Amino acid sequence: MNTPNSAARRALGACAALMVGALALTACGGNASAETDGKGGKNGSGSAKTSTAKIVISAKDGSTSASINATGVKVSEGKLTDVKMTVSGSGAAVPGAIAADGSSWQPEAQLERGTKYRISATAKDANGRTAAANSIFTTVSSSNSFIGTYTPDNGSTVGVGMPVSFTFDKAISKQKAVQSHISVTSSSGQQVVGHWFGAQRLDFRPEQYWKAGSKVTMKIDLDGVEGANGVFGVQKKTVTFTIGRSQVSTVDVNTQTMTVVRDGKTLKSVPISAGSPEHTTYNGQMVISEKFTQTRMNGSTVGYGGEYDIPDVPHAMRLTTSGTFVHGNYWYNRGNPPFGRQGTSHGCVGMADVQGAQGDTTAKWFFDNSLVGDVVTVKNSPDKTVAPDNGLNGWNMSWSAWTAGSTA
């Protein structure tokens, strides 16, 4: 039998249960960056004090195209006390460091593309009150980003003919935007202009060869730049390289000789064997783009079928993408050497050498005295002039034609 007092007690108990539930919901729904006064209590006015520290995580929570370079944490009106970054799912920690003044945090290395991460950060203001912030985000994917493979490398020393050359892994339709975010300058003061070869290659050079001894600086600021619809750059770095001494070697097919000139003075004139009448050598200015002490040369890779396959060509230096090299030759007829007399190659420029790339040979001397970026000019060949984009050979284009291919 219910009495008025027992009914009232049940009603009061029900109200208490509702209040507890309401308090639990309030505790779960609070702002992660809003905290109490750090003492677990309230001030004299009866309201909790909030930390004045304001944490900003560069990658917004829920974003799906975050930068792999610029992601980090900053705080104003306080100092960071702890930042944890992990790969979502695996929980693998991403190393990073808080700045000495406590104002920022950065990961130690570039993030991976198309990867989901989590950042949790805490900071304190001048009064010791804590603030917190979190973000779960995904970096820009490979399918929605582009990168440029470039040459020369940072810190390298190259010849006076070496252009800066980018090859992008996606077709670039917004070429003006991309070119405007790459700058190339020289301590020599030479004007440097870019030229597009199609949709995926961008080269930079001055009107004349680089000045010997100059320093060249390339600033790449492509992070977040839209190169095509929905495709964004991810690179942000500065690259510097040095121009060495000036060396230009001239191959005269009429005399089958190569004259090597350094800083305006002739070092040596050496006998060579250029292309045969059936397989002539390109004319024009060609830049050494690679050097190999020994390399395999297989005719089938350059359209000559099974005419040759030499596994250990010594002292080989690439002049064109299509397969023109200046290199050593050890397989020539010892009884009738062609060097200085006639062209017998499949379009390369050959010099006397020995198998194994050892010994004091003409080819070894030239190899040892050459840099990537040195120029080899061929003249008096019955062949055409090499195409400017066949290798790093844009010097075969007039300055007016070169600048016409710029979008800057």
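The values are calculated or read from the model by the stated rules, or taken from the named source; none is laboratory data. Nothing here was measured: the structure is a model prediction, and the numbers come from that model. We place every Cβ from the backbone using ideal geometry, glycine too, and count neighbours over all the protein chains shown. When the accessible area is computed, the model is the full protein with side chains, heavy atoms only, and any ligands, DNA or RNA have been set aside. Shrake-Rupley method; radii C 1.70, N 1.55, O 1.52, S 1.80 Å.
For this structure, a couple of remarks:
- Choice from ASN144, ASN127, ASN380 with maximal GNM fluctuation in the chain (Cα, 10 Å cutoff): ASN127
- Springs join every pair of Cα atoms under 10 Å in this Gaussian network model of the chain, and among TYR332, TYR209, TYR282 the largest mean-square fluctuation is at TYR332.
- Cα-based equivalent ellipsoid, region 129-234: semi-axes from gyration tensor eigenvalues, Å: 32, 19, 11
- Largest mean-square fluctuation among THR255, THR50, THR115, in a Gaussian network model of the chain whose springs join Cα atoms under 10 Å apart, belongs to THR50.
- Partners of LYS364 within straight-line reach, counting lysines whose Cα lies under 17 Å from its Cα and excluding those fewer than 8 residues away in the same chain: LYS268, LYS291.
- Unsatisfied cross-links (Cα-Cα over 22 Å) in the set LYS49/LYS124; LYS60/LYS174; LYS54/LYS236; LYS174/LYS211; LYS124/LYS236: LYS60/LYS174; LYS54/LYS236; LYS174/LYS211; LYS124/LYS236
- Net dipole in debye of the chain [+1 Lys, Arg Cβ; -1 Asp, Glu Cβ; about Cα centre; nearest 20]: 1420
- At full extension, LYS54 and THR240 could sit 63.2 nm farther apart than now, given 0.36 nm per residue minus the alpha carbon distance.
- Only helices enter the 222 nm calculation for the chain: every DSSP H run of n ≥ 4 contributes -39,500 (n - 2.57), and dividing by all residues gives -3000 deg cm²/dmol, rounded to 500.
- Relative to the dominant Cα principal axis of the chain, helix 4-28 is inclined by about 20°.
- Solvent-accessible area, 1.4 Å probe, carbon plus sulfur percent, for the chain: 52
- The label-point distance for SER141 and ASP61, in a model that sets each label 7 Å from Cα toward Cβ, rounds to 2.4 nm.
- The chain, relative contact order [Cα under 8 Å, separation at least 6], %: 13
- Whole-number percent relative contact order across region 89-198, with pairs defined as alpha carbons under 8 Å at least 6 apart: 14
- Expressed as a whole percent, the proportion of Cα-Cα pairs in the chain lying more than 30 Å apart is 60%.
- Estimated distance in nm for a label pair at THR293 and THR385, the labels positioned 7 Å out from Cα along Cα-to-Cβ: 3.8
- Computed from the C-beta positions of ARG113 and ASP263, the FRET efficiency with R₀ = 30 Å rounds to 0.10.
- The chain, accessible area per residue, ligands and nucleic acids excluded (1.4 Å, Å²): 49
- Antiparallel beta bridges, as assigned by DSSP with both residues in the chain, represent about 85 percent of the total such bridges.
- Estimated FRET transfer efficiency (TRP399, GLN358; beta-carbon r; R0 35 Å; 0.05): 0.20
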